[in-house]
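J.: There's a structure below that I have some questions on.
The values are calculated or read from the model by the stated rules, or taken from the named source; none is laboratory data. Bear in mind the structure is a predicted one, so any value in this text is a computation, not a measurement. Every residue, glycine among them, receives a Cβ derived from its backbone with ideal geometry; neighbour counts consider all protein chains shown. These area figures cover heavy atoms from the full protein model, side chains too; ligands, DNA and RNA do not enter into them. Shrake-Rupley method; radii C 1.70, N 1.55, O 1.52, S 1.80 Å.
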Amino acid sequence: EAVAALLLPQLIFDSFISALSFGVEGALCPLGCALRMASTVGGPRHIDHTKPLKAKNSLLFDVLMGGSAATAACVFTNPMEVVKTRLQLQGEMQTKGTGKQVYTGLFDCAGKIVRNEGVFAIQKGLVPGAMYQMVMNGVRL
């Protein structure tokens, strides 16, 4: 117990440094390795957590997972794209002298879109955006 109490701060520090270097998996690996080494019968075994694990997935699985991740991100970023586009178009129309100022800012624009056009209007263009993300990032990732 005394040895464990002395090693615990070092283990926490090592996990923090590993998280910076190798992400969450790297952060948890020193702790898992220490627990495995402490509980292993027949001698300690250490797993090298500096080398990435190699998973063998099919190409179709990789394309679908990459595309799905990008499509899910598109659901959250699309409302910001809608608001940005409306504000840009308003600015272009004002410089040409043909438009009036409808929106005063980011939150005003989002609120007016939802109030005047409905909740789903903030997601206009989601289907083409999601299709684009599925194809482009599914193939790329």
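J.: Thr95: farther than 30 Å from Met65 by Cβ and outside any helix (DSSP H, G or I), yes or no?
T.: Answer is no for this residue.
J.: Ok, one more. Just need a number here: residues in the range 107-126 that are over 27 Å from the mean Cα position of the chain (by Cα) and not in a helix (DSSP H, G or I).
T.: 1
J.: Of the numbered conditions (1) of a type in the set (A, V, I, L, M); (2) modelled with pLDDT under 85; (3) out of contact with any Pro (no Cβ under 7 Å at 6 or more places or on another chain), Met37 satisfies every one except a single condition; which is it?
T.: (3)
J.: Test Asn137 against the criterion of being of a type in the set (S, T, N, Q) and surrounded by 12 or more Cβ atoms within 10 Å (Cβ to Cβ), and give yes or no.
T.: Yes; evaluated as a whole, the condition is true for this residue.
J.: Given the conditions (1) modelled with pLDDT of 85 or more; (2) assigned to a helix (DSSP H, G or I); (3) open to solvent by 90 Å² or more (accessible area, probe 1.4 Å), report the number of the one that Thr104 does not fulfil.
T.: Evaluating Thr104 over (1) modelled with pLDDT of 85 or more; (2) assigned to a helix (DSSP H, G or I); (3) open to solvent by 90 Å² or more (accessible area, probe 1.4 Å) leaves (2) as the failure.
J.: Which pairs turn up if I take residues in the range 63-75 that are more than 13 Å from Arg140 (Cβ to Cβ) and look for partners that are assigned to a helix (DSSP H, G or I) and modelled with pLDDT of 85 or more with beta carbon separation below 6 Å, at least 6 apart in sequence or on another chain?
T.: Here the result reads Thr71/Ala130; Thr71/Gln133; Thr71/Met134; Cys74/Gly129; Cys74/Ala130; Cys74/Gln133, each pair linking the range 63-75 to a residue that is assigned to a helix (DSSP H, G or I) and modelled with pLDDT of 85 or more.
J.: Please work out which residue is least open to solvent (accessible area, probe 1.4 Å), limiting yourself to the range 40-92 and to residues that are at pLDDT below 85 and of a type in the set (Val, Ile, Thr).
T.: So, considering only residues that are at pLDDT below 85 and of a type in the set (Val, Ile, Thr), the one least open to solvent (accessible area, probe 1.4 Å) is Thr40.
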